[in-house]
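Following: one structure in structure tokens, then a few remarks.
The values are calculated or read from the model by the stated rules, or taken from the named source; none is laboratory data. All values reported here derive from a predicted model rather than from experimental measurement. No Cβ is skipped: glycine too gets one built from the backbone with ideal geometry, and neighbour counts run over all protein chains shown.
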Amino acid sequence: MLAVTGNAVLMGVSGISAPIGWLLVPGVAGMSLRPRVSALVAGWASVLILTSVALPMVPGHRGDVWSLTSSGICLALMPGVSWLRQRARTSKRRGEPPSITDVGVGQVARPIVLATSRLPAELAVAVPVPGNGLRILIGMVMAESPDRRRCVREVERVFRTVAARPGVALSDVVAALEPVTRWYAPGGYISATLVHVSPAGATHVLRCGGPQILAISATTAGPDPMTYTVIDPGPGGPPLGLGAIRATACAVPDDARIVVLTTEYAFAHFHDYHDSVQQAVQVRNADLAAVQLLIGPATTTAGTSLAGPILILDPVT
């Protein structure tokens, strides 16, 4: 609003009456904002234009019918163009195929599937550790960040560098990621979970704002063929960027299927988180279980998937 008002004042003081001068700033601002905000910008620009015509204390917008009509049409189209741009971005994001990779092949004794929805805010990276198995990071950039893609890129780069060192613990990796997150996401944080799997399959997880981790195992009692156990109950450690260095790692069983998801998925399934996960991962194949979670009913108000990234660790073979 201030930019639009300032542009109108500048046009009046400069004596510019051409519609292009009065519409350039509102047009660029309106089409780059959300449709509702764009409508407000267009409405305010219309008020300023009509005021400059009705009260010509300084040279204002041209008052002839053709100039006013063309400006009115352009301002009326702004919210529609903004909506089309937003829809195009959403469609492009939906159209990107998910990625499902078995990252444990040749590295550790248990199958590990890492699946992503390829959303801009996702972190999903697996790093082999020479002689010490595999380390994995999954998470989501939450709240505001000046550039989510760059934040994800830099955090993953630091993770690859630090996590590949054999003598480094998960807590040391978190300590290296904390300042990077604060620098590239000063107004937000990263809800993440770090996993270390030894060559023999022994697994430790460290939650930095990540949701509860579930261990799914077969059972012969009760109506359900599989049952779940909550690993490391409670909220876990603080997210990256909000003091995650205080988080501690815990061991998870190697004879059950371990499901690691994101906080976004937990938010979407606030009332049925455990049941929705258990139902999705009952299939025997881990790849299919990941697909069930990726195409599940979790959606934002914009209609995009909240499932990924997803990490599924099957029992030690």
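Every residue, every condition in (1) surrounded by 13 or more Cβ atoms within 10 Å (Cβ to Cβ); (2) modelled with pLDDT of 85 or more; (3) touching a helix residue (DSSP H, G or I) at 6+ places or on another chain (Cβ under 8 Å), yes or no:
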residue	(1), (2), (3)
92	no, no, no
96	no, no, no
99	yes, no, no
102	yes, no, yes
125	yes, yes, yes
149	no, no, no
156	yes, yes, no
171	yes, yes, yes
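Counting residues in segment 218-236 that are in contact with a helix residue (DSSP H, G or I) (Cβ under 8 Å, 6 or more places away or on another chain), among the small types (Gly, Ala, Ser), at pLDDT below 80 and crowded, with 16+ Cβ neighbours inside 10 Å gives zero. Looking only at segment 162-173, residues that are more than 15 Å from residue 205 (Cβ to Cβ), in contact (Cβ under 8 Å) with a residue 12 or more places away in the chain and either part of a helix (DSSP H, G or I) or among the aromatic types (Phe, Trp, Tyr) (or both) come to 1 in all. Name the single residue, out of those in segment 113-123 being of a type in the set (A, V, I, L, M, F, W, C) and touching a helix residue (DSSP H, G or I) at 6+ places or on another chain (Cβ under 8 Å), that is nearest to residue 210 (Cα to Cα). This residue is 123. Criterion applied to 310, 245 was being closer than 24 Å to residue 196 by Cβ and modelled with pLDDT of 80 or more, and the one residue passing it is 310.
Going through (1) assigned to a loop (DSSP other than H, G, I, E, B); (2) among the hydrophobic types (A, V, I, L, M, F, W, C); (3) at pLDDT 85 or above one by one, residue 180 falls short only on (1). With respect to (1) touching an Asp or Glu at 6+ places or on another chain (Cβ under 9 Å); (2) buried (at least 21 other Cβ atoms within 10 Å of the Cβ), the lone exception for residue 165 is condition (2).
Restricting 200, 176 to residues that are small (Gly, Ala, Ser) and free of Cβ contacts under 8 Å to residues at least 24 places away in the same chain narrows the list to 176.
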